[in-house]
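The values are calculated or read from the model by the stated rules, or taken from the named source; none is laboratory data. Because the structure is predicted, anything quoted here is derived from the model rather than measured. The accessibility values were calculated without ligands, DNA or RNA, using every heavy atom of the protein model including side chains. Shrake-Rupley method; radii C 1.70, N 1.55, O 1.52, S 1.80 Å.
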Amino acid sequence: QTQIKSGESGGRGLVVQDINAPPTVVWDRVLDYDNYASMVPKTISSSNYQKEVNPRPNKKQPQTETIYTRMKVGFPMLKLEFFVKHLYFPDLNSLTWTLDYSKLS
């Protein structure tokens, strides 16, 4: 796990986890955003509201899927709702995410 601070209020992180399971099983779980409430503690609800697939992948632009997810998490006396834009590269076994800045989180 690595965290990099950018200025006073931002940053980015990188997490790598080794899991003793076939990649297809791992990716099926990671990408199952509609069921995060039953898998991820403190998640109240999670649902995809848009999905886009790159129609013409090539060597310079690998296959990508963009998945937009609304998530609600809860703690005692605090509930948060946020919108996430996931960029999944199946051929590279890679996933990145940012907030969906077209929505208010």
>> Rounded to the nearest 10 Å², what accessible area does Ser45 have for a 1.4 Å probe in the complete protein model?
In response: 30 Å²
>> Can you compute the helix-only [θ] at 222 nm over the chain? Use -39500 (n - 2.57) per DSSP H run of at least 4 residues, normalise by all residues, nearest 500 deg cm²/dmol.
In response: -2500 deg cm²/dmol
> With a ≥ b ≥ c the root eigenvalues of the C-alpha gyration tensor of the range 43-105, is it rounded (a/c under 1.5), prolate (a/b larger than b/c) or oblate?
Replying inline: prolate
>> I need the phi-derived Karplus couplings for the range 87-100: 6.51 cos²θ - 1.76 cosθ + 1.60, θ = phi - 60°, integer Hz, Gly and Pro marked x.
In response: 10, 9, 10, x, 5, 9, 6, 9, 9, 10, 8, 9, 5, 7
> How big is D, in µm² s⁻¹, for the chain by Stokes-Einstein at 25 °C and 0.890 mPa s if Rh is the Kirkwood radius over C-alpha pairs?
Replying inline: 157 µm²/s
